[in-house]
Amino acid sequence: MTGANMRHLGQLALPGAGIGALAGIAAVGLALISGQPVGWALATGLALGLPLALLGGGFGLLLAAGVIAPGVFAPTALYWLLGFPVARLTHEVLVGLLLVGRPTLPPDMLGFLAYQAIVSLGFAIGFSWLHERVAPGWLRRIRHGNPKAERLYLFYLRHAEAQWKARESRRRSRAAARSKGAS
């Protein structure tokens, strides 16, 4: 793989990776607010932010490859149904390694993973919402030098135009109905 291809892939992964890293930073803040020591908060932020950043970047690459369709929630939910429990399990193992020097596993592994799979839906909603707000602007910036970014950007652009036309059509229909009712 050439250097340009690697750079293109990195550019496509950046929005999702940034969102994953932001989740790690949020974990630091939540740990501090809950009264955890600074070292523990930093360990939890790193241990959760790193796998979420990697998975978020992977999500961007799957979008670019056409494996996941932009704007369709079911594939995103499925991705995080699998990915979020893996990230949380990695978090548990790494926090133990960073804080006590040995990896730790949850006592009820199956229950832990099942609960994380349930929680993953909420994470998927937030991730999807943020990604669809961040990615198009980023793709617009990098699209001229990155063919896959151009393709994704054009998809988002067509989608936004279709949404705008549908909203304007509904608005015109409501206005016509109001004026007809007032007559």
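Describe numerically, in nm with one decimal, the distance between label points set 7 Å from Cα along Cα→Cβ at ALA69 and at TRP129.
Simple spin-label model gives 2.3 nm for this pair.
Quick check: net charge around ALA65, other residues with Cβ under 15 Å of its Cβ, Lys/Arg +1 and Asp/Glu -1?
Spelling it out: positives minus negatives among the neighbours equals +1.
Give me the compactness ratio for the chain, meaning the Cα radius of gyration over 2.2 N^0.38 Å.
1.30
When the Cα centres of region 148-178 and region 1-65 are compared, how far apart do they sit, in Å?
Here the two parts' Cα centres lie 32 Å apart.
What's the local net charge at TRP164, with K and R +1, D and E -1, over the other residues with C-beta under 13 Å away?
Combined, the nearby Lys, Arg, Asp and Glu give +4.
Which residues does the label zone of ARG172 cover in region 150-165, counting backbone N under 16 Å from a point 7 Å along Cα→Cβ?
Backbone N within reach: 161-165.
Whole-Hz ³J(HN,Hα) for each residue in region 52-57, computed from phi via Karplus 6.51 cos²θ - 1.76 cosθ + 1.60 with θ = phi - 60°, x for glycine and proline: what do you get?
Rounded to whole hertz, the list is 5, 5, 5, 5, x, x.
Given Cα pairs under 8 Å that are at least 6 residues apart, what percent is the relative contact order of region 3-182?
Worked out over region 3-182, it gives 21 percent.
Highest mean first, what order results for 27-37, 122-132 on Cβ atoms within 10 Å?
Answer by packing, highest mean first, reads 122-132, 27-37.
What net charge is computed for the residues neighbouring ALA114, neighbours being all others with C-beta under 13 Å from the C-beta of ALA114, Lys and Arg scored +1, Asp and Glu -1?
The answer is 0.
Computed from the coordinates by the stated procedures, all read-outs in this text should not be read as laboratory data. If you're wondering where the values come from, they're calculated on a predicted model, not measured in any experiment. Glycine gets a Cβ as well: all are built from the backbone with ideal geometry, and neighbour counts include every protein chain shown.
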